[in-house]
Every structure is written in structure tokens, then in C-alpha cells.
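Every read-out reported here was derived from the displayed coordinates using simple, explicitly stated rules and does not represent laboratory data. Owing to the predicted nature of the structure, the values given are computational and were not obtained by experimental measurement. We place every Cβ from the backbone using ideal geometry, glycine too, and count neighbours over all the protein chains shown.
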Amino acid sequence: MSRANERLHVTGEVLSVRKVGAYRQLTLVAPGIPELSRPGNFVAVSVGQTQPRGHLARRSLWIHRVRHTGSHGATLEVIVEPVGAGSRWLAGLTQGAKVELTGPLGRPFAQPREPVGCLLVGEGYAAAPLFGLAERLRERGCVVSMLLGASDEPHLLAALEARRSARSVTVVTGDGSVGRRGVISDALPELLERLGVDVVYGAGSLATLHAVATAAEQHGAWSQVALELPQPCGTGLCQGCPAPVVGEDGVPRVVRACYEGPVIRGDRVRWDALVGGAP
Amino acid sequence: MTTALAVPGLAMASPVMVAAGCGGTGPELDALAPLAGLGAFVTRTVTLDARLGGPPPRLAESPSGFINAIGLQNPGIDQFLARELPWLAAHTVPAVVSVAGASIGEYAAITRRLAVAPGVAGVEVNVSVPDGVDLGLFDASEPFAAARAVSAVRRELPRGIPVLAKLAPEAGRVAEFARAVAEAGADAVVVGNAVPAVMPQGRPGGLSGPAIAPLALRCVAAVREAAAELPVIAAGGVQDTAGARAFLDLGAVAVQVGTALLHDPTVAARIAAELQGETR
């Protein structure tokens, strides 16, 4: 596993905040971090503006996109769903606000050397890192398809943009407000069959990622899943994000989702332990 | 200010150390803020056999603190020596290995391996794991028992390598513990550790972070008063230079920075640099 990637701890600045359905999209100036980022990396953000802070846990956010702007150089885009104290604080930030962040963190998606057929499966805001990945894969000559799912339209991320990055896009929503009515796990087997997929990339809830890994294995494809577990520090220090895996040697281990992950080969995850909450 | 003692045998470039269990295995932190300027790096607590650790959630936010129930996840002493210590030994920061045992025999067995490993600058005996009994550790909740653990480590370790004993920040008893472990051969005491607490789900855990700094300050003062000749390393809620200074002004020889690193991985290096700036 690759490690000791270059990472930075900086004070960034909010350039803009935009409402995107149920989410907020924050564009951040974070000197040095965008240039180092690869699809599947995340940043750890501190919550609260004043020192000392009452909230010590950091918030891990997927790097959605890196954009090059004229006046601010490269910027980062992250997606926030305001559901808890920290994410509501982040969602309420306004232009010019300062935020402390660390990144790029975690092991990114591995990309194939050969041009192969890829299916990118994203659920809700967790689909964020897949759009940059789609562009990278296309540059490598891969045939990229996407399957996006959410409970309803406001929770569906960037479906229009997906049509620019991918050859085919399938959308499923729980209430049928966009695309087909249904869930990702039901749509997967037929897509894998029809599209001739060699590699499946997944980003979403644990249940969806488990479905991705299982369907890929049944289909004879590789899978890479971006685990989203609570990560108290995000930097590999606290051992608070245990991910049960099986090593190349067949030995069960517990690794850190934030450091040895978050992207892990789907067939290496001990799903029964992960979903069951055992170490 | 009280004249600072030193920890015999431990050459520290700064009075700022990384506390056990808060610095990963070393390289994670070093990539964000070099460890080189720090006094020492204390490893996560290592046991004789590998431990997979507890189930999630393992940490919960508490106002100005964390409650943790990591369950001492570690690869066991042999894997630690093979895979983690060599990185620390190859870097310029002194490596202090934190240890805990299920029995006195385990303390001795772990230390026999450490005694012949290159790059061990010190051993910190963790006799104050907040949920230690639940984790099947040797019960060191009385001073004589803590002293037995320290004595077992001291006996197996070459004289030149210092033994630190990490004590709970329990104001009424910490001085008694300090005297007992000093008599058993501890070269210094670390005051204190996470405070026994409860996770939101009801499992036992330990509370750490700025929330417990006032407890630790009181305990450091108590030990300084009771045992003026015993070097004290303070641990508890240090998150900035003023916080570190408060402990040093009580006569602590060094401070350990732990929980604050989870929030800002550069904070220990910054405190070390700022303290050095003050003394110039």
C-alpha cells in the first residue's frame, strides 16, 4: 500500500458556497493541497473559528473537484451535507471565512494501466470523488459508465455533469423522482452484464459498497470501494476508524480507513465484521 | 520557576513529547510536522500479543475532549519491533515505548525483547489504562501493584535506559503512586492519563483533551510537592504554548501533547518551536 504521500496542514479560505440540492458545495483556497490531490483523496477540516475550540474531532470531506481559477490558482471543491453540528457549521460558512484543513489524505483510487471498461457507482454526496476519477480514466482511454443513486432528487449529486464525463449514465432514486425508481444494488447486476465491465469503483454507504464488491466478484471484475467510516482525526493518528480487512497473505487485520484506506479493494474487506461492528 | 530536573538517560532536544497513542506509528505525524525538533515520541501502548482493538465507535467527541475506547489495538511486541520501531530508530527523535501487560510475567517478557532492540530511548509503563481491567490487563489500581509492574520492567532493562511510569490524574492518590513507583525504580513519572469515563453507548472509556487539563495541573502540583527530586512529565490537555508553560512553571521537566494532535497534527512542533523562541 502506498503511504507517506505528501500532505499539508494549512489555513484555507472559503471562496464560495453554493447550494446544490440538499448539499452545500464549498470552493476552498487551500495552498498546495489541490495540486497534490488525486481522485479518492479527502481533506480533514477543523470545526469552529476560534481557538481554543470545543469540537476536537475533524470532519473528513471528499475532494469533489480540483479547479484552476485565474485569480486564486488551483482550488478545491468539497460537498457538505448539513446534518450534524460540524457539517452545519461548515455549510453556514460564507465567502472569506478561514478554515484549517489537512490534505490530501488517504489512499486514492488505483487506476488501471490498460484501457478497460469501468463502472463508477456513487450514492448521494459520496459520489463526489467519482467525477474527477471519470476524467482521469477517460484520459487513459477507459470506457467509463456511471451509476448514480440517491433517496431523491435533492440528494442526487451532479447527474447532469456525469453525462459529460461518462459514456452512459444510469440514475436510480428511491422515490423515482429522477431516473428509475429503485436502489443501486438492484440495478448493478444487469449493468455489469450489459456494459462489459472490468473494474467497478464504488463510493457510498457501507451497504451499497458491499453490494458493489459482491456484484463485481460475481461478474469477475475488480472492485475498489471508498469506505466512509467515522474518522475522528483523519490523519492516521487515533485508530478511531477501524476497517477489518484480509491481507494479501490471507491474514485478517484491522487497518485505518483514513490511512491504509479509504479506498480498498472490495474483495479485501471483511464485510461481515465491518457491517456487524466487530474489530 | 522551579529549577527543571531532567530525566536521567533521556536526552531531549525540547520539553515537548508526543503522548502515547496520539502520534500514529511516527511517519503519519512526521509527514505533517517534523518530529526531529521534539523531545521524544512515545509509541502507542504495546502488549505482548497482538490486539485487534475494540469495536467501533472508538472515539466520541465530548466538549473540549474525546472519550476513547480504542481497546489497545497494537500488533504485539514482536511485530512492533519488526515493523514500527525501526522507522523511529532511524529518525532523530528519541523513541519511548509505552508498554502494558496482562501479568507481571508479561511486563518482564515484553521488556526482555525491548532490552535488546536497537533504538529504544526509554520505556513508559502504562499502569493507568482507564479501562485496563476490562481489557484484561494486570490490575495496577493500587500503588504496590503499579510498583510491581515498574519493578519488573526496571529489572529487565539495561540501567542506561530510563523507565517512566504513567500515572492516572487522581489528585488524592497520585503522590502516593509516584512515591511507590519511584521506589520501584522509575526514573520519572508521567502525570496523568485519560480519565475513566463512559462512551455514549455505555462502554468504559477514557476522557482526554483540554477538558482534563485542570485535573492534570492539580496532580502535577501534588507530585512536585510530595517528591521534589522526582522528574515529572506532565500530560493532560496541552493544546498550546501557554498550556505547556503552565505545567513547566509547576516544575515539570517536559509535557506530553496528545489529544490536541488529533485536531491539529502540527501543534506539538509549534509548541516546541515557540518554547524554544521564549528561552532565546
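Details
- About the centre of its Cα atoms, chain A shows a dipole size close to 660 debye [charges on the beta carbon of Lys, Arg (+1) and Asp, Glu (-1) only; nearest 20 debye].
- Cα-based helix-to-principal-axis angle, A:184-195 vs chain A, degrees rounded to 10: 60
- The sum of -39500 (n - 2.57) across all DSSP H runs of n ≥ 4, divided by the residue count of chain A, sets its helix-only mean residue ellipticity at 222 nm to -6000 deg cm²/dmol.
- FRET efficiency, A:R67 to A:S168 (Cβ-Cβ, R0 45 Å, nearest 0.05): 0.95
- Summarising the label geometry, the points placed 7 Å from Cα in the beta-carbon direction at A:L160 and B:R155 lie 7.6 nm from one another.
- Average other protein chain Cβ within 10 Å of Cβ, residues A:228-234: 4
- Listed residues A:W222, A:G247, B:G251: farthest to the positive end of the dipole of the protein assembly as shown (Cβ charges): A:W222
- Chain A: angle of helix A:206-219 to the longest principal axis, Cα-based, in degrees nearest 10: 30
- Counted over all Cα-Cα pairs of the stretch A:112-255, pairs farther apart than 24 Å make up 32 percent.
- Per-residue Cβ neighbour counts within 10 Å put B:V127, A:V212 in the sequence A:V212, B:V127, beginning with the fewest.
- Model label points for B:S103 and A:D186, set 7 angstrom from Cα along the Cα-to-Cβ axis, are 5.8 nm apart.
- Taking a ≥ b ≥ c as the square roots of the eigenvalues of the Cα gyration tensor, the protein assembly as shown is classed as prolate, since a/c reaches at least 1.5 and a/b is larger than b/c.
- Least to most buried among A:T235, A:T102, A:T69 (fewest other Cβ within 10 Å first): A:T69, A:T102, A:T235
- Fluctuation leader among B:P34, B:P55, B:P204 - chain B, Gaussian network, Cα springs under 10 angstrom: B:P55
- Among beta bridges that DSSP assigns inside the stretch B:16-278, antiparallel share in %, nearest 5: 30
- Magnitude of the charge dipole, the stretch B:16-278, Cβ model with Lys/Arg +1 and Asp/Glu -1, debye to 20: 340
- Computed Rg/Rh of the stretch B:27-160, alpha carbon atoms with Kirkwood Rh: 0.97
- Its relative contact order, with pairs defined as Cα atoms under 8 Å and 6+ residues apart, puts chain A at 17 percent.
- Dipole of the protein assembly as shown, positive direction: furthest Cα of B:T25, A:G234, B:P118, with charges on the beta-carbon: A:G234
- Taking every C-alpha pair closer than 8 Å and separated by at least 6 residues, the mean separation divided by the residue count of the stretch A:4-105 gives a relative contact order of 41 percent.
- Whole-number D in µm²/s for the stretch A:169-208 (Stokes-Einstein; Kirkwood sum over Cα pairs; 25 °C, 0.890 mPa s): 220
- Tensor-based shape of chain B (alpha-carbon gyration tensor, a/c under 1.5 rounded, otherwise prolate or oblate): rounded
- Relative compactness, the stretch B:121-280, computed as alpha-carbon Rg over 2.2 N^0.38 Å: 1.03
- Dipole of the protein assembly as shown, positive direction: furthest Cα of B:A165, A:A57, A:V199, with charges on the beta-carbon: A:V199
- The Rg/Rh ratio for the stretch B:205-280 is 0.98, where Rg is the radius of gyration of the alpha carbons and Rh is the Kirkwood radius.
- The stretch B:1-92: C-alpha gyration tensor shape, a/c 1.5 cut-off, then a/b vs b/c: oblate
- For chain A, modelled as a GNM whose springs connect Cα atoms under 10 angstrom apart, the maximal fluctuation among A:G48, A:G70, A:G103 occurs at A:G70.
- Shown for A:H68, A:H55: other C-beta atoms within 10 Å of each C-beta, ranked fewest to most, produce the order A:H68, A:H55.
- Among beta bridges from DSSP that stay inside the protein assembly as shown, the antiparallel ones total about 50%.
- Charge dipole (debye, nearest 20) of the protein assembly as shown; +1 at Cβ of Lys and Arg, -1 at Cβ of Asp and Glu: 720
- DSSP bridge pairs, chain A: antiparallel proportion in percent, nearest 5: 60
- Using a Gaussian network model of chain A in which every pair of alpha carbons under 10 angstrom is joined by a spring, one finds that among A:A128, A:A85, A:A187 the greatest mean-square fluctuation is at A:A85.
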